[in-house]
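The values are calculated or read from the model by the stated rules, or taken from the named source; none is laboratory data. Keep in mind that this is a model prediction, so the values were computed, not measured. Cβ placement follows ideal geometry from the backbone for every residue including glycine, while neighbour counts extend to all protein chains displayed. For the accessible areas, the whole protein counts, side chains as well, though only heavy atoms, and no ligand, DNA or RNA atoms are used. Shrake-Rupley method; radii C 1.70, N 1.55, O 1.52, S 1.80 Å.
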Amino acid sequence: MGDRFSVLIQDCDVRFSCEAGDNLLRSMEALGRRGIPVGCRGGGCGVCKVRVVEGRFHTRKMSRACLSEQEEADGVVLACRLFAESDLSLQVVGKMVKALRTEQG
Ligand code: FES
């Protein structure tokens, strides 16, 4: 309990700390950090998709509509459903930010 882990977003070299009980996306936002696109925050849109390159973690329920079994087998997870169990290194995978903007326009 109360453990803190260091999270590195490799794409932009951003590092932030994450408490064991907080999902990664929330921790990043709480610290005012950027790097992972933020969407629904609830595991349903797939915008926050990342690949865990290094480290241990667990996830909560993720929508199969935005994360295929193949992706999951590949270490790809939704950051808003991701809980660190050690220090982590990530790469951003979600490429839906542009698509969302287009929908609004
Ligand atoms: S922000 Fe929508 S799935 Fe994570």
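Just a few scattered comments:
- If you go through the range 1-31 and keep only what is among the aromatic types (F, W, Y) and either touching a helix residue (DSSP H, G or I) at 6+ places or on another chain (Cβ under 6 Å) or part of a loop (DSSP other than H, G, I, E, B) (or both), you end up with just F16.
- Consider the range 51-61 and keep the residues that are in a strand (DSSP E or B) and surrounded by 15 or more Cβ atoms within 10 Å (Cβ to Cβ). The one that is nearest to the ligand (Cβ to nearest atom) is T59.
- Of the residues in the range 32-50, none is in a strand (DSSP E or B), β-branched (V, I, T), surrounded by 15 or more Cβ atoms within 10 Å (Cβ to Cβ) and away from the ligand (no atom under 16 Å from the Cβ).
- Looking only at residues of the range 63-78 that are in a loop (DSSP other than H, G, I, E, B) and open to solvent by less than 50 Å² (accessible area, probe 1.4 Å), we find that the one that is farthest from L90 (Cα to Cα) is S63.
- Filter pass, E72 being more than 9 Å from the ligand (Cβ to nearest atom) and either in contact (Cβ under 8 Å) with a residue 24 or more places away in the chain or over 14 Å from S6 (Cα atoms) (or both): yes
- Pick from the range 13-31, criterion open to solvent by 60 Å² or more (accessible area, probe 1.4 Å) and without any contact (Cβ under 8 Å) to a residue 40 or more places away in the chain, ranking: nearest to the ligand (Cβ to nearest atom): E29
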